[in-house]
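None of the figures in this text is laboratory data; all of them are computed from the coordinates on show. It should be emphasised that the depicted structure is a prediction, and the values quoted were computed from it without experimental measurement. FYI the Cβ positions are ideal-geometry reconstructions off the backbone, even for glycines, and counts take in every protein chain you see.
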Amino acid sequence: MHQKLCLGTVQFGQCYGIKNERHRQPTQEECFGILDAAQAQGVAYLDTASIYGTSEQVLGAYGLAGKGLRVCTKLRPDDTARSASEEAAFVVAEARASLARLRLPRVYGYLLHRAADMERPGVMDGLAQVRALGLAEHVGVSIYEPEEALAVVRHPALDLIQIPYNALDQRLDRAGFFDETAKRKAAGRPFEVFARSAFLQGLLLMDTHHLPENVRDAAPFVQRFQDIARAYGFSPTEAAMLYSLAHPGIDHIVFGVDTEEQLQANLKIAEKLNVFDTCAAALRGAFDDVPRKVVVPSLW
């Protein structure tokens, strides 16, 4: 089961999350301890990005080469006006820069950080070159909206996607995205789904009576989630992670931690998946009324 887990490393490069209790990013030594423990427990995937502060540099200093870890990173968004050929060259140059920081000859996945860049002339050619040059095994897109997800799964040159998914954010189920991925896989065209935001940046775990002002509207939905989880004998943390893990259309769950203790706790949660079916069924479809402003952190 730990093979389905992907350690997110945005916390390694910056202070992140609405529920960051330590109010700081881990030290490099702490990051190395987390990575050692994750690898020892069979976590084989890492997620990072060039805009995650110093995350790529921390991973590079750790010494990833030869450790069998599959790293995904992302293109830095840039709105500079360029010709199509210049744009393609920019994508390749940025991929090489990420590899230099990571101290790796190639990554498992190289993704666009925003789906809108698919429309920029030259970007898709650049991604194709990244793969053709052997800088990445797979190329794809990190998306935020259902229509973006559908565009990616229908694109023949892309074989990897990162999506937001959690108990409150079931928009991709309603949009038919997972039906599309199942059809594509059944047709023999590989497509790998990484899901982030299982905890909705920690919002699902917070005391609903003491939410920050900017997420106060989420209180009734978070409370409903927590009540369902507890009714079936699970803590909110357990239910949040297991809900995403239980989805048959999701290949990997991206989760971040600030400490080695949090990592070990999450790994123990994953072992409860085989007793989560009834709770998952209760949560599925129970949040069709959640406003977009609640589940899209950029709107907070």
If the convex hull is drawn through the Cα atoms of the stretch 127-179, its volume per residue in Å³: 76
When N is the residue count of the chain, what does its C-alpha Rg come to as a fraction of 2.2 N^0.38 Å? 0.98
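In percent, what relative contact order does the chain have, based on Cα pairs under 8 Å that are 6 or more apart in sequence?
On the way: 522 pairs, mean separation 57.5, N = 300.
For the chain, the relative contact order is 19 percent.
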Could you work out the relative contact order of the stretch 101-140? I mean the mean sequence separation of Cα pairs under 8 Å and 6+ apart, divided by the number of residues, in percent. 57
Expected vector for the stretch 45-58, Karplus 3J(HN,Hα) from phi with 6.51, -1.76, 1.60 and θ = phi - 60°, integer Hz, x for Gly and Pro, equals 10, 10, 10, 8, 6, 5, 9, 8, x, 9, 4, 4, 5, 5
Apply the Karplus curve 6.51 cos²θ - 1.76 cosθ + 1.60, θ = phi - 60°, to the phi angles in the stretch 227-237 and return the couplings in whole Hz, x for Gly and Pro. 5, 5, 4, 5, 4, 9, x, 10, 6, x, 4
Exposure proxy ranking, count of Cβ atoms within 10 Å, fewest first, for M118, M241: M118, M241
Cross-link candidates for K293: which lysines have Cα within less than 20 Å, leaving aside residues fewer than 8 places away along the same chain? K19
Check: C-alpha center the stretch 55-112 vs C-alpha center the stretch 239-300, spacing in Å is 28
10 Å Cβ shell holding at most 13 others, DSSP loop, trypsin sites (Lys or Arg not before Pro): longest site-free stretch of the chain: 155-300
For H138, enumerate residues with amide H under 5 Å from its amide H, sequence gap 5+ or separate chain, H modeled in the peptide plane. G109, Y110
Residues with amide H under 5 Å from that of E192, placed H, sequence gap 5 or more: L160, I161
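Going by how many other Cβ atoms sit within 10 Å of their own, how do T259, T27 line up, fewest first?
Exposure proxy ranking, most exposed first: T27, T259.
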Divide the volume of the convex hull of the Cα atoms of the stretch 41-188 by its number of residues and quote the answer in cubic angstrom per residue. 134
For the stretch 67-72, Karplus couplings with θ = phi - 60° (6.51, -1.76, 1.60), whole Hz, Gly/Pro x: 9, x, 7, 9, 9, 10
In terms of modelled amide H atoms, which long-range or inter-chain residues lie less than 5 Å from the amide H of Y45? L7, R70
Spin-label point model (7 Å from Cα, Cβ direction): what's the E261 to D36 distance in nm? 1.8
Can you tell me which lysines have their Cα less than 17 Å from the Cα of K4? Leave out same-chain residues fewer than eight positions away. K268, K272
